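Here the structure is laid out as structure tokens; the discussion comes afterwards.
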Amino acid sequence: VLSASAAGGKEYAEALRHAGLGVPIHSQWDGQTAAQVVATWREDVGSVLVGTRSMMTGVDAPGETCSLVIIDRVPRSAGNPVDDARVETIMDRQQIDKWTADKYVYVSDASLLLEQSVGRLIRRVTDSGMAVVLDPRLTKTTPIAYNAQSRQTLLSALDRFHKRTNTYEDAIAWLEYRREATSVPARA
């Protein structure tokens, strides 16, 4: 579970721990280094890892360890001097307003981070799983949707996933199918 904010991530970890799922929940707030938390999570295929931006890149867990990546909303970098300078350069070169140039810089960066985040899922050719992005702004059906250009740029980060759905029922059906397909029958 990848959260755009530490407050959200902590809340998700706590809620998962209290949900009685019967699986270990590891988070980047457990008092260990990120490397230690990831190593512990990798060792237990049935566990859950909760984190923020620090877990969106550089985490490699091929095989069954990572079969579901949930992202609460599209990650966006906070304003900073480097990106602000990029915005100014685009404004000057293309003669566009700050709002449009800002979208070029920050939406482009968010798209790359989103692609890296869902990339946690597929590390080998034999890996499979589901990436879930819970951000309603990616759909056209909400009043707070991204504009068409931003939405298309962000959705392009998910192009490697050929089957898409926006219904809970379809997602659950696929997860159940995958569980049945990957379960190994018990030996007599």
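The values are calculated or read from the model by the stated rules, or taken from the named source; none is laboratory data. Predicted, not measured: the structure shown is a model, and the values here were computed from it. Positions of Cβ are backbone-derived with ideal geometry, glycine not excepted, and every protein chain shown enters the neighbour counts. The accessibility values were calculated without ligands, DNA or RNA, using every heavy atom of the protein model including side chains. Shrake-Rupley method; radii C 1.70, N 1.55, O 1.52, S 1.80 Å.
Here the chain exposes an accessible surface that is 54 percent carbon and sulfur, computed with a 1.4 Å probe and the other protein chains kept in place.
Helix-only mean residue ellipticity at 222 nm, the chain, DSSP H runs n ≥ 4 weighted -39,500 (n - 2.57), per residue, nearest 500. What is it? Write out the running numbers ahead of the final one.
Numbers: 7 runs with 85 residues, N = 188.
Value at 222 nm, helices only, nearest 500: -14000 deg cm²/dmol.
Using the average count of surrounding beta-carbon atoms within 10 Å as a protection proxy, the listed peptides 75-88, 99-112 rank, highest first, as 99-112, 75-88.
Asp109 to Glu176: extension gain in nm, 0.36 nm per residue of separation minus the Cα-Cα distance? Let's see the in-between values first.
Working: separation 67, 0.36 × 67 = 24.12 nm, distance 3.38 nm.
Net length gain for the segment: 20.7 nm.
Which residues among the range 56-70 fall inside the zone where the amide N is under 13 Å from a point 7 Å beyond the Cα of Val23, along Cα→Cβ? Of the residues in the range 56-70, 64-70 have backbone N under 13 Å from the label point off Val23. Ranked from largest, the principal axis spans of the Cα set of the range 1-121 equal 56, 27, 22 Å. Accessible area ranking (1.4 Å probe, heavy atoms, ligands and nucleic acids excluded), largest first, for Leu21, Leu68, Leu49: Leu21, Leu68, Leu49. Excluding ligands, DNA and RNA, the accessible surface per residue across the range 32-155 is 55 Å² with a 1.4 Å probe.
Taking the simple approach of a point 7 Å from Cα along Cα-to-Cβ for both Ala145 and Thr165, what is their distance in nm? Here the modelled spin labels are 2.1 nm apart. Taking 7 Å steps out from each Cα toward its Cβ at Ala39 and Asp60 produces label points 1.6 nm apart. Taking a straight Cα-Cα cut-off under 23 Å and skipping sequence neighbours fewer than 8 places away in the same chain, the lysines within cross-link reach of Lys103 are Lys140.
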